[in-house]
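Please read the structure below before turning to the comments.
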Amino acid sequence: MGDLAQAAAQPGARDRIAALRTDYENARKAAIDAFRLRPAPERLLAALSRAADRTLRQLWAEAGLPAGSALVAVGGYGRGELYPHSDVDLLILLDEAPDEPGAAALSGFVGACWDLGLEIGHSVRTVDECLAESEADVTVRTALLERRPLAGDQATWQRLDARLDEAMDPGAFLQAKQLEMVQRHVKYEDTPYSLEPNTKESPGGLRDLQVIVWIARAAGIGRNETELADNGLMTYAEARLYRVNQRMLMRIRAMLHIEAGRREDRLVFDLQAQVARALGFDDRSKRLASERMMQRYYWAAKSVTQLNTILMQNLEDRIFYRLHGEALPLDAEFRDRNGLLEVIDPDLFKRKPAAILRAFRRLQEIPSLTGMTTPTLRAMWLARHGINAEFRRKPANRRLFLSLLTAERGVTHELRRMNKWSILGRYLPAWRRIVGRMQHDLFHVYTVDQHILMVVRNLRRFQMPEHAHEYPLCSELASSLEKPWLLVIAALFHDIAKGRGGDHSELGKVDAARFCRDHGLGRRDTDTIVFLVEQHLTMSMFAQKQDLTDPEVITRFAGLVGTEERLILLYLLTVADVRGTSPKVWNAWKAKLLEDLFRLARRTLAGERPATSERLDARRREAIRLLNLGAVAPADYAPLWEKLDIGYFLRTEAQDIAWHTRVLHPHVTTSVPVVRCRAALSGDGFQVVAYLRDRPELFARICSYFDRKNLSILDARIHTTTHGYALDNFVVVDPSGMNAYRDILPLVETELTETLSRHDRLPPPVQGRQSRRSRHFPINPSVELRPDERGRHWLLSITANDRTGLLYRIALVLERHGVNLYTARVTTLGERAEDLFVIDGPALGNPKHELQIEEQLLETLRNG
């Protein structure tokens, strides 16, 4: 029996435990009462930590724990920040595994902690076990990074401290924390502007500040923002901003715990008013105290996201020495430094504010650019006030801004980036009013500005073939639009007048009309945009509140819309708008109502059956023409086409559709693999199509064949038919250039068919060789895993240096985790591979498993 357990049985022991509990509770109460009078969070958290320290040391002294053991504070408690209802994170460090009396003493100590009201989160490990757990789990590694000795054997503590420092790999830790941060941001919708944000975990929350110090500490750069400024990682102005925002977030989180009476990090609606009043906010000027507090929160969160972007980039530069690479000039104003846009003259934005807009335009124009360097971001931030009324009146600047909205790519990313760095609000004064503005209703989960950007994002996804599987009808309709940018402008203005009082649709259409006039849009385009802004709620209202079986309802709606073009635009805007309110709002019922209304109104307007998009029609017509030339009758290929979804036709060229149809139509329900090859139409390499019943390891098995033959896959299009067959198309080259492709096509057909007929174990990958250019200009590999719109599949994006066997290595990692491939798009841009996979599997949805997949993929991309 441990000493504490024995003591509890002795006379007076209960009194001592009770007295200790009373002392601890009194210390907590005093700290919380002082915080209510003067909400200084640092004092509160330090006082709570000291109270826990005193109590734990007294318990430890009486516990009779095994020789060589030590008590260590870790995590938030380790750094001396204990929130009112956070766990007291402890490591009970042992010199060796305990015997039976030692185990009893440990149990007695843990029980006494709970008896005293200490909500502990504890682990019991030896030094070796700490090292093993730290290596396997980045969460444990992070908690141990903030270790602090409390009591016990100093030699055991010092051995742990030294070995953890020795084992730390700053580069690997940085990449693991980046993956973890991306995963965390995805969980919280990638926005700091959720109406019920998590003050700790959401983007712009405390974690986004803490991760900076964790990585810097692991790299030996500094242990707090002052040391980081002293060591040049941030400016002293940024260090002050760090402290101000951290203090604001800490104050809100601490009061949230106090008011909730439990561990609660989410600013839920039920607690917002309560917390706001406790922090001294009051109702004024028609704005509730909760609205004023939330506005302050969003300002802080936005500033934190800016700091996080700058400082994470600085950490990468410092740890990986990225800034030593040579910059490539793009024009007289900008250059490319390691895939980031950099301004050549630091004073450019002050001298020529229009260059700020040109910087965003360059990011749209050059796909290899992924962002801006820290000096560029700082220069832009300091020069943002140059975008003023005079700037907005200049025709050249208006043309430049309009070009950002009408670009073929990067519209959503750059609008988000412009909003993040306060540029969008400088150019559109009306936008400034809605940044961080809450929407008090039952379905919006974003602030007005973030909702609008979500709508823009949804509209842009309709135009991307890789997302056609999500909402096929919307993708089909979007592909037929002559001017898809009309929807972007309409989306920007559809809710821009919220919070002004009055009908925001009516007020918004006035702003939209003024914008169109100022930016030189024609009368027809202006009228279309104004119509969409004014009527953006109409279709949803008709679909959900009118009887769609009544012909008069359909006639009235069709008459209001007027033309098929406006109907298509309004339908797309409505779907994007509803989906942009909350992931939980959109459902199959709403989808069916809107689609039924669309189809009925289309018939009324056009007097004909719903037509497919012009692009889709043209592609099918061309494929049919080619099939007719080959004497393939429609009756012969109809059974195959019936099994192919719209995503296949959107992602496949007419020549390939005709070829696939010609060689596969006799084998629609084949029981054996069918493999066919031909020289690539581009003249580089050859094409391979494989058709067989789908199975989990199929993609990896195909890749293994090309890997063994030292053939490099340039492009892969993976499709699954509606009856469960795989239709996989590859463009393959021989990097050595030794083979005459036409001579090896029959051999590939025979050997790959044999390979796909087997069900044996997959072979290990062949060691692929990087090109000389790849070795001298390496790409920092990236992996991103996130759920798709419907939550049925996951999107896996991978960027890395291309090399032979790369795709097989990726496929092996996915196979190892039981991940199934739904579709894949593999793109090779010179030496750069950019792969997008739509996947599913039981491991997905489990954050720990997802992180393991991402880390193993990164390891494969770095070392494969």
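The values are calculated or read from the model by the stated rules, or taken from the named source; none is laboratory data. Computed from a predicted structure; not experimentally measured. Neighbour counts run over all protein chains shown; Cβ positions are idealised from the backbone, glycine included. Heavy atoms of the whole protein, side chains included, go into the accessibility calculation; ligands, DNA and RNA do not. Shrake-Rupley method; radii C 1.70, N 1.55, O 1.52, S 1.80 Å.
Note on the range 495-545: no enclosed helices (runs of 4 or more DSSP H) hold 1 or more residues that are surrounded by fewer than 21 Cβ atoms within 10 Å (Cβ to Cβ) and in contact with a His (Cβ under 6 Å, 6 or more places away or on another chain). The condition (being assigned to a helix (DSSP H, G or I), in contact with an Asp or Glu (Cβ under 7 Å, 6 or more places away or on another chain) and either under 29 Å from Tyr188 (Cα atoms) or among the charged types (D, E, K, R) (or both)) is satisfied by just one residue among Leu377, Leu404: Leu404.
Is it the case, given these coordinates, that Tyr77 is out of contact with any Asp or Glu (no Cβ under 7 Å at 6 or more places or on another chain) and of a type in the set (Ser, Thr, Tyr)? Considered against the rule, which asks whether it is out of contact with any Asp or Glu (no Cβ under 7 Å at 6 or more places or on another chain) and of a type in the set (Ser, Thr, Tyr), Tyr77 comes out as no. Flag: Ala635 does not match the condition of being more than 30 Å from Gly818 (Cα to Cα), open to solvent by 70 Å² or more (accessible area, probe 1.4 Å) and not in a helix (DSSP H, G or I).
Screening Arg695 with (1) open to solvent by 20 Å² or more (accessible area, probe 1.4 Å); (2) touching a residue at least 40 places away in the same chain (Cβ under 8 Å) gives one miss only, at (2).
For beta carbons closer than 7 Å, sequence separation of 6+ or different chains, a first residue in the range 514-541 that is touching a residue at least 60 places away in the same chain (Cβ under 8 Å) and a second that is assigned to a helix (DSSP H, G or I) and open to solvent by 20 Å² or more (accessible area, probe 1.4 Å), the qualifying pairs are Asp518/Arg398; His519/Arg398; His519/Leu402. One residue stands out in the range 729-764 among those that are of a type outside the set (A, V, I, L, M) and at pLDDT below 85: the one that is least open to solvent (accessible area, probe 1.4 Å), namely Asp734. Against the numbered list (1) closer than 18 Å to Leu307 by Cα; (2) open to solvent by less than 10 Å² (accessible area, probe 1.4 Å), Leu363 comes up short only at (1). Of everything in the range 273-289, what is in contact (Cβ under 8 Å) with a residue 24 or more places away in the chain and either within 28 Å of Glu119 (Cα to Cα) or hydroxyl-bearing (Ser, Thr, Tyr) (or both)? Give them in sequence order. Residues satisfying the conditions are Ala278, Leu279. Of the residues that make up the range 236-245, is at least one at pLDDT below 95, hydroxyl-bearing (Ser, Thr, Tyr) and either open to solvent by less than 50 Å² (accessible area, probe 1.4 Å) or over 28 Å from the mean Cα position of the chain (by Cα) (or both)? Looking for residues that are at pLDDT below 95, hydroxyl-bearing (Ser, Thr, Tyr) and either open to solvent by less than 50 Å² (accessible area, probe 1.4 Å) or over 28 Å from the mean Cα position of the chain (by Cα) (or both), one finds at least one in the range 236-245, hence yes. Elements of the type strands (runs of 3 or more DSSP E) sitting completely within the range 64-183 and holding at least 1 residues that are open to solvent by 30 Å² or more (accessible area, probe 1.4 Å) and not hydroxyl-bearing (Ser, Thr, Tyr): these cover 88-94, 120-126, 148-152. Of (1) loosely packed, with under 15 Cβ neighbours inside 10 Å; (2) modelled with pLDDT under 90, Leu714 satisfies all except one. Which? Unmet condition: (1).
Any idea which residue in the range 787-800 is modelled with the lowest pLDDT, counting only those that are open to solvent by 20 Å² or more (accessible area, probe 1.4 Å) and more than 17 Å from Thr860 (Cβ to Cβ)? Result: Glu789. Close contacts from the range 18-42, counting a first residue that is under 21 Å from Arg243 (Cα atoms) and open to solvent by less than 30 Å² (accessible area, probe 1.4 Å) and a second that is at pLDDT 95 or above and not small (Gly, Ala, Ser), with Cβ to Cβ under 7 Å and a gap of 6+ residues or different chains, come to Phe35/Leu44; Pro41/Arg247; Pro41/Met250; Pro41/Arg251. Looking only at residues in the range 801-838 that are modelled with pLDDT of 85 or more and of a type in the set (Gly, Ala, Ser), the one that is nearest to Ile713 (Cα to Cα) is Ala811. Where strands (runs of 3 or more DSSP E) fall entirely within the range 681-751, those with at least 2 residues that are within 30 Å of the chain's Cα centre (by Cα) are at 712-720, 725-733.
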